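Written below as structure tokens is the structure these notes are about.
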Amino acid sequence: MVRYSELGLVNTREMFKKAMREGYAIPAYNFNNLEQLQAIITGCLETRSPVILQLSKGARSYANETLLRYMAQGAMKIVNSSEHPIPVALHLDHGDSYELCVSCIENGFSSVMIDGSALSYEDNIQLTAKVVEYAHKYDVTVEGELGVLAGIEDEVSHESSSYTNPADVEDFVKRTGVDSLAISIGTSHGAFKFKVKPGEDVPPLRFDILEEIELRIPGFPIVLHGASSVLQEYVRTINKFGGEMTGAVGVPEDQLRKAAKSAVCKINIDSDGRLVITAVIRKIMHENPALFDPRKYLGPAREEHTKMIMKKNREVLGSADRA
Ligand code: G3H
Ligand code: 13P
Ligand code: ZN
């Protein structure tokens, strides 16, 4: 067994406490490859932001779990030998079974999500409580989910969403012992979050539900999934250079800023990272048809990804200069 503390990682407990107290959110960025990990680490070191590195089940099978552990370990060497180290958690995103959570904990993860949101309420409680019991033996923090987000990703697939019922949250948190709770208030996974006509505003998130939840479990860390803004400059670039992403739209940044000031302590961002990389690579490929050195397009993509992360930490999540 590899303990996360041996890798220089931390769990999310203190991160969330501070974020709650000071009114900002910790960024949780997904990665699947070296360049994404480099962009996240560089962007967060540069902005002195705490960060949650997220790996999905799909990422684990794409990149190989052993290699991922050593990548995280390598990243921590860089972080801890930098002038101003930052707290970093390694988190399993959308864990779908007890066994997967156990495997991650044994491989150095400091935090896991057990996503039982598609199960019945009682089955969700049972599964989540079982994961919590195991995780807490190793001081690994656990995120549960109540309410269903729409969206289709490799490993997460729900056609329609259902909002979290505030009447359930107190019972769920008490009976499972989770450390944080992902809720559904109108976000969804992927790059097509709302169906709106050109020029139309996207519908606001259900802050009324969030407020009711906060009243029922005051001071408890809330997590917002599906929180990419689907930045239109990258969508435009993708469409301009041969892509087809018409109608891609995300959560407006001002709504995320508002959420970050509330009990929302963790904001999950994956699609925005995918978009920026795709936009840069499409443009470079189009403009340089003879190019065949991956460093010549992955490098600039990584640079732009880093800039995007720095901007988000500073201007949206408020996590810059909090480490
Ligand atoms: O919420 C899901 C994440 O964006 C991970 O997506 O399963 O395609 O890696 P993935
Ligand atoms: P996005 O698809 O909005 O980036 O959401 C990512 C997410 O929720 C990962 O768990
Ligand atoms: Zn998610």
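Key figures for this structure:
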read-out: Helices (runs of 4 or more DSSP H) lying entirely in region 52-129 (those with 1 or more residues that are in contact with a Lys or Arg (Cβ under 9 Å, 6 or more places away or on another chain) and either touching a residue at least 12 places away in the same chain (Cβ under 8 Å) or at positive phi (or both)); value: 65-80, 98-106
read-out: Index of the failed condition, MET113 passing every other in (1) within 14 Å of ligand 3 (Cβ to nearest atom); (2) closer than 21 Å to GLY43 by Cα; value: (2)
read-out: Total residues in region 15-35, condition within 15 Å of HIS91 (Cα to Cα) and of a type outside the set (Ser, Thr, Tyr); value: 8
read-out: Filtered residues of region 206-238 (kept if among the small types (Gly, Ala, Ser) and more than 16 Å from ligand 2 (Cβ to nearest atom)); value: GLY219
read-out: Residue in region 203-220 that is away from ligand 1 (no atom under 16 Å from the Cβ), of a type in the set (Gly, Ala, Ser) and on the phi > 0 side of the Ramachandran plot present; value: yes
read-out: Restricting region 14-35 to residues that are over 17 Å from LYS261 (Cβ atoms) and in contact with a helix residue (DSSP H, G or I) (Cβ under 6 Å, 6 or more places away or on another chain), the residue that is farthest from ligand 1 (Cβ to nearest atom); value: GLU35
read-out: Sole exception among (1) over 28 Å from GLU133 (Cβ atoms); (2) buried (at least 19 other Cβ atoms within 10 Å of the Cβ); (3) of a type in the set (A, V, I, L, M) for MET245, by number; value: (2)
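Every residue, every condition in (1) among the basic types (Lys, Arg); (2) buried (at least 24 other Cβ atoms within 10 Å of the Cβ); (3) touching a Phe, Trp or Tyr at 6+ places or on another chain (Cβ under 8 Å); (4) touching a residue at least 40 places away in the same chain (Cβ under 8 Å), yes or no:
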site	(1), (2), (3), (4)
VAL10	no, no, yes, yes
MET15	no, yes, no, yes
LYS18	yes, no, no, yes
ILE26	no, yes, yes, yes
PHE31	no, yes, no, yes
GLU35	no, no, no, yes
THR47	no, no, no, yes
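Every number in this text was worked out from the coordinates using simple rules, so none of it is lab data. All values derive from a computational prediction rather than experimental measurement. A quick note on method: Cβ atoms are made from the backbone with ideal geometry, for glycine too, and the neighbour counts reach across all protein chains shown.
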